[in-house]
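Take a look at the structure set out below.
The values are calculated or read from the model by the stated rules, or taken from the named source; none is laboratory data. Everything quoted here is computed from the prediction, not taken from an experiment. Backbone-built Cβ (ideal geometry, glycine too); neighbour counts: all protein chains shown. For the accessible areas, the whole protein counts, side chains as well, though only heavy atoms, and no ligand, DNA or RNA atoms are used. Shrake-Rupley method; radii C 1.70, N 1.55, O 1.52, S 1.80 Å.
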Amino acid sequence: MMAVSEVLFLYRRHRQNILRSSYVLLLFSTLYGLSSGKSTSKAVDRVRKRDDIHGNETEVGGSDDFGTYSSSDNDSTNEKQSSENENEGGINLYDKRNYDKGQHLRKKHNHRHIDFLIRLILRDKKFIMLFLIQAILLVTRTLLSLRVATLDGRIVSSLVKANYSKFIKILLGNWMLLGIPASFVNALIAYTTKWCSLTINKILTTYMLDKYLVDHRTFYSVTASSTASEVQDNLTKDIGTFSNTTSSLLNQLLKPMLDLILCSFRLLSSSSSFMGEGTLALGLVVYVSNRLLRLIQPNFTKLIMKRSTMESWFRSLHSHVHLNNEEIAIMRGESRELASLDYSFYELVLFMNREIKKRFIYDFASSFIIKYSWGAAGLVLCSIPIFFKDKIIVADEDVTADFITNRRLLMTASGSLGRFVELKKSIQQLRGVWLRLKNFGDLLDSYSDPQKSRPDDGVILEYDQKKIIFENIPLVTPAGQVLIWELNFELKQGDHLLIIGPNGCGKSSLFRILGGLWPIRLSLEGKPTRAVIPPSMSNDECSIFYLPQKPYMGSMTTFREQIIYPDTIAQFEKRFHGNYSKGDKHLAKILSTLELEDLISENMALVMVNASDNREEANSSVEPREAFDLKRNWSEELSIGIQQRLAMARMYYHRPKFAVLDECTSAVSPEMEQKMYSTAQRLGTSLVSVCHRTSLWHFHNYLLKFDGKGGYRFGKFDPEERLASENKLMELNTLLDQRVPMWEKRLKDLMVVRRSNVIRKSQSELTQSPSPQQNPSAATKVPFSGDQRLPVNPSVATQSQGVNSVLLRSSDSQEKTNAPVDGI
Ligand SMILES: Nc1ncnc2c1ncn2[C@@H]1O[C@H](COP(=O)(O)OP(=O)(O)OP(=O)(O)O)[C@@H](O)[C@H]1O
């Protein structure tokens, strides 16, 4: 008994501290429950595991719950596939090496970039400052709302007591006065939150874009990776969502926490005797019900990741249709495109249907628990001082004011708890976006990693403006397919190389390796591997320039920028010392070589039309410079032939040492093609070209011929000799085309005759017929024919001297036995 009374005494003595510390403990354990989650960690682990398997390339994986994809299944299938592929000889030879390299890099990245997004944000001083200001403002707002709660209680109390003078005094003197700082603080919080979001957006976008476009290889490889459909969303939507959610997180986290701590402390120290214990009991109710809510809470991280992936896929299909509008329209492919769009949209809708159903159950339960159960518990707590009035309330205390204040405090606390539960949802959703961005960051890291972009260990890579040397270099696609086992050739500046071979043999792949898009692999037979390639630029001079079949036309750039691409205007100014008219004259000269002067006049006409609406003087002249300043949708408005000529103009502008021409004149006339090639050679550019037209062969003195089976031939090339042999070959082919059917028919006839002869011979032996010499007239009666239905042609018999005797014998025997010829 003594012990109990001692405990009670101790409790009464330290009641406030005990209640406060228990409440803080309860609050933090509730808070801890928000950030942790078994299913979330599982999702994170699964994403990590998947990244390891794919060597940092995220695939469209998915939730098992929704039955669309199973990422774990994918993992095992991929692992199995890669091990199977290893056994298939040349194909996918490099998979194992890539996988190991990926694993190694992944470990390194994990170590270096744990929460790189958070680290990026926390490094920014402006963000830290805004964060602190936001925190101070939030504390101020909470203190102000406590004051508002007290004033509320006093106003209602004066109303109930019909004390009008007090009512007016509090209303005007306190309430309205308090409204000014309260509103200002609220507006300031909204402002700093948005500013914070913008700052985060700026930091992340700059970081990601810098990494994405760090070099030619990174964005090429990222765009070619399996997550290409998500890149656009990662760079825009995901960063936006991440910034907005992160910036409002402090608001969502700090406000309810401060509200809860301050309101509950106030309630705990309330004059009413059981209010403190009641508040603690309420905290316990909240804790338990929150644990129950967790049982039915869907995994928002997984949901947002899955939905974002599906949305990205749907969006990428739309962009695909948009980008290839002409091709699809001309082929009447709209119904096919509609089917795939419909299918991906159907999948998305199906997923969203299931998602909203899951959310509905959770929303129903959380709304009932937060609003009504906790509300009822709060009201019970407020009613304690009223129901036990006689026993526990001191006479001079204001019951109404206390009730209203307590109720308001409880309402604030309850609202804060509700926000806490919502916060959990936000944290999980933020985690989903964070994971997507993290994967994207890892993907960028893996491709911009110098280790990965460098050639294989053991490959000697040198740069020389004046030559290209390939020594024992295999042509291997990123998928591991070996196109050429070992390529050896050397080309000096001044030489011109022609590359020929069947489709898909690896002609363009050679350029991809030369251009550094694909890494240089070590010899598959362990021979020393060496590559000497021209650097893209050397001492401000262009060493190598690539012209693909479909030229790239930047959209809505000026005409000048089109011609000087990839140079910038600053580089153009530097080259012509800021003298635009000199620069433009140079460009005009290049254009006239390619008979593209019309484009300048066309641009001028367009400038005039555009200007006629804006200019006051109707007949004002147009400067030639304006024609070069004009912006148009070049890829849409120019024909492919003109685009190819414009691309050649770029090459003339840059005057490279080597030019790689990959069927880049396929859409221009043969005369123009000759002019283009000869001008390029006159400018001193060595040509490395793939062209199917024999009319261009005479521009080359070396030939690299791929046979399409992994072999090749390289050597000096005499176009005239080659063309002569080519012509001879063509003649022979024509001859063969004409004669072969005739010879085939003759052979067929002879075969039939031979077979008929064998049969007749055996029949004659059976019937022991007389010899043809005994009856010579029979030879003229039945002609040589493999088919009795054919008209009789005696001349055939006389022509076929070699078989005559046999024929005569057999026809004679046929007549005698009357055997049907058709039956042969
Ligand atoms: N990014 C890539 N990833 C994997 N494989 C590729 C890639 N690009 C091309 N390939 C494969 O490499 C092979 C050679 O392609 P390449 O483009 O070099 O052929 P090509 O000789 O230029 O053919 P064409 O004359 O038709 O242009 C093809 O089988 C192609 O499927």
- Item | For Trp697, solvent-accessible area (1.4 Å; no DNA, RNA or ligand), Å² | 10
- Counting only DSSP loop positions in segment 109-213, the trypsin sites (Lys or Arg not before Pro) whose Cβ has at most 15 other Cβ atoms within 10 Å are Arg123, Lys161
- Item | Length added when fully stretched, Ile128-Met537, from 0.36 nm per residue minus Cα-Cα | 143.1 nm
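Holding the Cα-Cα limit at 18 Å, pick out from Lys302/Lys357; Lys126/Lys202; Lys194/Lys371; Lys466/Lys705; Lys492/Lys527; Lys550/Lys675 the pairs that are longer than that. Can you show the working numbers first?
Values: Lys302/Lys357 15 Å; Lys126/Lys202 11 Å; Lys194/Lys371 29 Å; Lys466/Lys705 23 Å; Lys492/Lys527 23 Å; Lys550/Lys675 20 Å.
Flagged as over cut-off: Lys194/Lys371; Lys466/Lys705; Lys492/Lys527; Lys550/Lys675.
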- Message: Considering all projection directions equally, how large on average is the shadow of the alpha-carbon convex hull of segment 522-649, in square nanometres?
- Response: 11.1
- Each label point is 7 Å from the Cα along the Cα-to-Cβ direction; what then is the distance between the points at Asn174 and Ala479, in nm? 7.7
- At 0.36 nm per residue, minus the direct Cα-Cα distance, what do Leu379 and Ser555 gain on full extension? Give it in nm, one decimal, please. 56.9 nm
- Task: Take the alpha carbon gyration tensor of segment 487-568, find the square roots of its eigenvalues, order them as a ≥ b ≥ c, and report rounded if a/c is under 1.5; if not, report prolate when a/b exceeds b/c, else oblate.
- Result: prolate
- Determine how large the accessible area of Lys582 is when every protein chain is in place; take a 1.4 Å probe and give Å² rounded to the nearest 10. 110
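Rank these by accessible area, largest first, 1.4 Å probe: Phe28, Phe300. Mind dumping the intermediate values first?
Working: Phe28 100, Phe300 0 Å².
So, going from the largest accessible area down, we get Phe28, Phe300.
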- Item | Exposure ranking of Ile404, Ile330, Ile499 by accessible area [1.4 Å probe, largest first] | Ile330, Ile404, Ile499
- Item | Solvent exposure, largest accessible area first (probe 1.4 Å, DNA, RNA and ligands not counted), of Phe628, Phe184 | Phe184, Phe628
- Task: Quote the charge dipole size of segment 424-495 about the Cα centre in Debye, to the nearest 20; the model charges only the Cβ of Lys and Arg (+1) and of Asp and Glu (-1).
- Result: 920
- Grab the beta carbon distance between Ser666 and Ile356, set R0 = 51 Å, and tell me the FRET efficiency rounded to 0.05. 0.45
